[in-house]
Amino acid sequence: MLKENLPQQDEQPNEHKILKSLHPSRIIIPMLIGISYTVYMLYNDILTHSKEISERINSINYFWLSMAVVALLFRDGFYIYRIRHLTKKALSWVGSFYTIVLWEFSSAISPSAVGGTAVASFIVMKEGISFGKSLAYVLVSAILDNTFFIIVGAIVLTLNFFGAYNNGIFFLDGVDPTVIETLRITFTVSYSVIAIYTLLMIYGLFVKPVFIKNLFIYITSFRLLKRFQEAAKHQGEELIVASAELKGIGIGYWVRAIGSTALVWVSRYFIVNCLIAAFFTLSIGDHAVIFSRHVVLWVVLILAITPGAAGIAEVAFKGFYTPFAGALVGVVATLWRMITFYPYLLAGVLFLPRWVKRVFFDQNNTETKV
């Protein structure tokens, strides 16, 4: 039984507001930004490197191109498996599929910094799971994702410090050293903030949620952070609800959750490796650097202010991967976004109406949970 000071029904996600944020018309802006920059980028590349681009495309390695698609399917498959596992199979496979598709759609039409906890917990809740449990499962998902980033980021930073990468993971082709140094500082600060925040969330979720709630309120009591206090208070209250729902879960549950999270993110990062390998022969060292740079690229994407990082993702990709893809970097960036971004926009438009009908209007939704 939840305590009286925990969030009540009126504090649950506002259905109208969230459904409005998921409206299919919201794909227009990210698509216009992304496609406009892609056309501009490809036009310039073809204008200056048409012969090399043509030769490379004609000799494309279809094995690696197909492996990029396989990596995407693995990524989504493990995402679906993880949310079903986290809910202790309370979500059916179909419900898990809808949850991940709409969660990804929400991310694709919103700036990453906005966050998707409210939307994701709303989706899970409408699948028939209580508010508290929905919140708990979504927060755990976010914490698992951040923890993977913290661990892999620490490994990458350590290897970079000891010179394991020839040019360093922060090297950007043709970019002023001052900008590179800014990127290095931004990554370090962002990494530190994410690490501290995640550790606090883990401590609050599994040890003392009330203490962390009070800490959040105290930190935001200072003048410069005062405008974030209401959000911090709400985050703390959500943490208390989630903590109460996760009591007494065994170690086996967490082993599977952590394992599936690792597979999700390895598959996600490896897509870029596969796409570049489709045009160029890469050594194991090249694969390691390409994979490691994606860790840094991820921070750029979460700080992007455009919906789904449209435009910014393509620019950042070109900077990070020109040393490996050369004149083909625009083509590879386009393929990368065609695989990892645009399908979720289209899937959202296709499946959102079906999901709304399923959870709001199909009164006899007695789907077998298999």
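Derivation of every value follows stated rules applied to the coordinates shown; laboratory data play no part. These figures come from a predicted structure and were not determined experimentally. Reconstructed Cβ throughout: ideal geometry from the backbone, glycine too, with neighbour counts over all protein chains shown.
Please give me the summed charge of the neighbours of Ile143: other residues whose Cβ is under 13 Å from its Cβ, Lys and Arg +1, Asp and Glu -1.
Numbers: positive: Arg82; negative: Asp145, Glu238.
Here the charged neighbours net out to -1.
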Checklist line | Extension gain, Lys233 back to Met338 (0.36 nm per residue minus Cα-Cα distance, nm) | finding: 33.9 nm
Next item on the list: Of the listed values (1) 22.0; (2) 21.0; (3) 19.4, grab the one calculated as Kirkwood radius over Cα pairs in Å from the structure here.
Entry: (1)
Notebook entry, point to check: Fully extended, how many nm does the chain gain between Ile251 and Arg223 (0.36 nm per residue separation, minus their Cα-Cα distance)?
Noted result: 5.9 nm
Margin query: How would Val138, Val94 line up from fewest to most surrounding beta-carbon atoms within 10 angstrom?
Written below: Val94, Val138
Next item on the list: Measure nothing fancy, just the Cα-based angle from helix 93-108's long axis to the longest principal axis of the chain, in degrees from 0 to 90, nearest 10.
Entry: 60
Item checked: Ranked Thr220, Thr261, Thr188, criterion: other C-beta atoms within 10 Å, fewest first -> Thr188, Thr220, Thr261
Item checked: Chain lengthening between Ser283 and Phe206 when straightened (0.36 nm per residue, less Cα-Cα) -> 23.5 nm
Notebook entry, point to check: Pairing the Cα long axis of helix 312-325 with the longest principal axis of the chain, what angle in degrees results, from 0 to 90 and rounded to the nearest 10?
Noted result: 40
Notebook entry, point to check: So if R0 is 30 Å, what FRET efficiency would Lys17 and Ile302 give, r being the distance between their Cβ atoms, rounded to the nearest 0.05?
Noted result: 0.85
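Could you rank the peptides 26-34, 42-50, 306-314 by their average count of other C-beta atoms within 10 Å per residue, with the highest value first?
On the way: 26-34: 18.2, 42-50: 13.4, 306-314: 23.4.
Top to bottom by mean Cβ count within 10 Å: 306-314, 26-34, 42-50.
Let me check against my output: what whole-number percent is the relative contact order of the chain, with C-alpha pairs under 8 Å and at least 6 apart?
Working: 401 pairs, mean separation 122.8, N = 370.
With pairs under 8 Å counted, the relative contact order is 33 percent.
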Checklist line | Computed helical MRE - 222 nm, the chain, DSSP H runs ≥ 4 contributing -39500 (n - 2.57), nearest 500 | finding: -24500 deg cm²/dmol
